[in-house]
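Visitor: Take a look at the following structure, please.
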Amino acid sequence: MVGRIREDSIVEVREKARIDEVISQYVTLKNAGGGSMKGLCPFHDEKSPSFNVNPARQFFHCFGCQVGGDVISFLMKIDGLSFGEAVERLADKYGVQLRREDGDIRDDRPKGPARQRLIEAHKSAQLFYAEQLGSTDAIVARQFLSERGFDQAAAETFGIGFAPREGDALFKHLRQKAFSQDELVAAGLVAVGRSAYDRFRGRLLWPIRDASGDTIGFGARRIFDDDKIEAKYLNTSETAIYKKSQVLYGVDLARRDMARSSQAVVVAGYTDVMACHLAGVTTAVATCGTAFGDDHSRVLRRFLNDHEEFRGEVIFTFDGDAAGQKAAIKAFDGDQNFVSQTYVAVEPDGLDPCDLRIQKGDAAVRELVARRVPLYRFVLSNVVKKYDLDRADGRIDAVRETAKLVASIRDQSKVTAFAQEISKMVGSDIDTNAVLTEVRRAANRRPSSQDHARRTPAGTPPVEEPAPTRNPVPDLRDPRFSIERETLKLVIQHPMAIGRTTSDVGVEDFTHPTYRAVWELVAAAGGPVAGSGDDGWANRLRDAAPDAATSSAISALGVEPLLTAKEADPAYVALHVFRLLELTAMRRIAAVKSRLQRTNPVENPHDYNKMFGELAALEQHRRSLQDRALAGGV
Ligand code: ZN
């Protein structure tokens, strides 16, 4: 265990790290005048740049999606790193020696070669292996790929390679490139027995890359019958740069589209990731030789753009087999928020995406993902299916078994919904209340784990989970309301500039109760136009305020400087007013999407299609607002 990084070290990292340099590795930045730089936002889809970087102040901000922060938060978000990991990476790059709370400088950095050397070794190894894929020895490897529908272009896109059969071809190659034996061992590329030998021999190789595209390890498939290692797949073992509990194959390719669509597809293996991407499912990733765990979900969630009212969606392509079902049931014990956003796409014939693509083409892969169902429902129905529901005892057993799963769910509102579903699946003689009774019983039997608050002493009835405490007045400066705040600042400070742009704005566009009250006063006074040229406009509104909170909000909105150094020009007005309307559209879209997810397209094609039409219209409306926001209101 290493201690927490000390505050002074974090400050030093922030000072030394150049935010424009770091961001430039991901985003093409252009000078925007006034010391500021601009580019296309990596966190949302846009055509004209609203992503700003201010090197002097060391922060970035996107006016399109309101994501912003410092160099550390940028790295965390773009590469799915924890705070500590982001700080460590920057410290490495900018030569800052980290001090930790336990005061020991000795443990500060991982032992052994610097991260950069290990990355360089992998880069050379990947090029070497890719070149070997063209060699005569690699014919079996090439056959393997073509049998699975992957041509040379696909192999190049994914950087696939071949590890020669002789024991130390890579070792010799990299020694010539001036890598030391220690570096190669630390990188996991070479092992040492009586002498040094290559970790991968006679295998087909997939380079495993981190989010920035650097190769950090390899996945290796057995292709020769006389391969002495029986395991079908070998992966790089844990190294300073390769953490198998966090690594996701394909994340470098999927990252951008995951953020854009708030959706990730988790498949089983390297060939499935390839098949998905080639078929147009560009958000596919896979774990590497390990089950999907909490660390993976943590990493994925950082890539999913789940800000504001959007919720990311993670789709697993479990096959219906025992292993897949076991994995699904295990997911119930994982992170609950994550589970509620989890879906399952099951191919009726049990084909994985790779085989599906070979047999039925690209469209079938896309349809598989589109047919997803919520994980909960999938698991519950699988459990129910194991029992003979024609028998009374079979029905009772099915309820007991499913109740155990539902008892692990913390959100009480969901528990009731699932009890209803179980009752429907099992049969009419077991109603929702009977299921709920079983769930409570199961909850009492559950061994007390980390979650003490929920546990009750044996024998006493379980206490209902207290409803989440709801703050009646959310913080005015909460970033979720920043567009509402800035728009109202324009309304109060620059009524002339904002003028009739707000003709489509209504009270429903404000989600904060105080801001809603302010807008109601503005509307009652005749809209911003009524304040045009009236020096007493802000005071007039304030006098009409129904309560102290609204009145103080108005004065704050009246004095706070705009978030722009420039004038409140039409472009700035449009950016906010249309973005405000766009957010309302996004909330509506989210509501329709959520209904859509709960509707089975096969059972209710009419409703489903109707909602789909509604969604398409809303999306179009949203896009036009987005365009107007960025076009400066023209
Ligand atoms: Zn953005």
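The values are calculated or read from the model by the stated rules, or taken from the named source; none is laboratory data. These numbers come from a predicted model, not from an experiment. Glycine gets a Cβ as well: all are built from the backbone with ideal geometry, and neighbour counts include every protein chain shown. Note: accessible area is taken over every heavy atom of the protein model, side chains too, but ligands, DNA and RNA are not part of it. Shrake-Rupley method; radii C 1.70, N 1.55, O 1.52, S 1.80 Å.
Visitor: Restricting to the chain, what percent of DSSP beta bridges are antiparallel, rounded to 5?
Guide: Antiparallel: roughly 75 percent of the beta bridges in the chain.
Visitor: Here's a follow-up. Ranked from highest to lowest mean number of other Cβ atoms within 10 Å per residue, what is the order of the peptides 561-569, 228-236, 583-591?
Guide: The densest-packed peptide leads the list: 583-591, 228-236, 561-569.
Visitor: Hey, another quick one. Starting from one equal scatterer on each C-alpha and no solvent at all, send me the Debye-based log10 I(q)/I(0) for region 563-634 at q = 0.27 Å⁻¹, two decimals.
Guide: At q = 0.27 Å⁻¹ the computed log10 ratios are -1.07.
Visitor: Additional query: Roll a 1.4 angstrom probe over the protein heavy atoms and tell me the percent of accessible area of the chain that is carbon or sulfur.
Guide: In the chain, the share of accessible area belonging to carbon and sulfur is 50 percent.
Visitor: If you don't mind, another one. I need two numbers for region 241-294: Rg to one decimal and Dmax as a whole number, Cα atoms only, in Å.
Guide: 10.6, 30
Visitor: From the C-alpha coordinates alone, can you work out the Kirkwood hydrodynamic radius of region 1-155, in Å?
Guide: In region 1-155 this quantity evaluates to 18.6 Å.
Visitor: Oh, and also: Per residue, how large is the accessible surface of the chain? Use a 1.4 angstrom probe and give square angstrom.
Guide: Computed with neighbouring chains in place, this is 49 Å² per residue.
Visitor: Moving to a separate point now. Using only the Cα atoms of region 505-559, what do you get for the radius of gyration and for Dmax, in Å?
Guide: Cα-based Rg and Dmax for region 505-559 come out at 10.5, 29 Å.
Visitor: Here's a follow-up. Using DSSP H assignments, which helices in the chain have an axial alpha-carbon span of 30 Å or above and a mean Kyte-Doolittle hydropathy of 0.0 or higher?
Guide: 570-597
Visitor: Okay, next question. Treating cross-link reach as a plain straight distance, find the lysines whose alpha-carbon is under 17 Å from the alpha-carbon of LYS177, omitting any fewer than eight places away in the same chain.
Guide: LYS123
Visitor: Restricted to Cα positions, what overall size does the chain have along the principal axes? Three whole-Å values, descending.
Guide: 87, 72, 53
Visitor: Per-residue counts of other Cβ atoms within 10 Å, averaged by peptide: what ranking do you get for 354-361, 131-138, highest first?
Guide: Order by mean packing, descending: 354-361, 131-138.
Visitor: Listed here are the pairs LYS414/LYS593; LYS77/LYS243; LYS93/LYS243; LYS232/LYS385; which of them are more than 25 Å apart at the Cα?
Guide: Where the Cα-Cα span goes over 25 Å, the pairs concerned are LYS232/LYS385.
Visitor: Excluding residues on the same chain fewer than 8 positions from LYS172, give the aspartates and glutamates whose Cα lies under 17 Å from its Cα.
Guide: Partners within reach: GLU120, GLU131, ASP182, GLU183, ASP198.
Visitor: Among the lysines, which have Cα under 16 Å from the Cα of LYS47 when same-chain residues fewer than 8 positions away are ignored?
Guide: Of all the lysines, those that pass the test against LYS47 - Cα under 16 Å, at least 8 places apart if same chain - are LYS30, LYS38.
Visitor: Another question, if that's okay. Quick check: Cα centre of region 177-210 to Cα centre of region 40-74, how many Å?
Guide: Spelled out, the Cα-based centre of one part sits 39 Å from the other.
Visitor: While we're here: Summing -39500 (n - 2.57) over the DSSP H runs of n ≥ 4 in the chain and dividing by its residue number, what mean residue ellipticity at 222 nm do you reach, to the nearest 500 deg cm²/dmol?
Guide: So the helix-based figure for the chain works out to -14500 deg cm²/dmol.
Visitor: Find how many whole Å separate the alpha carbon centroid of region 484-536 from the alpha carbon centroid of region 114-139.
Guide: 61 Å
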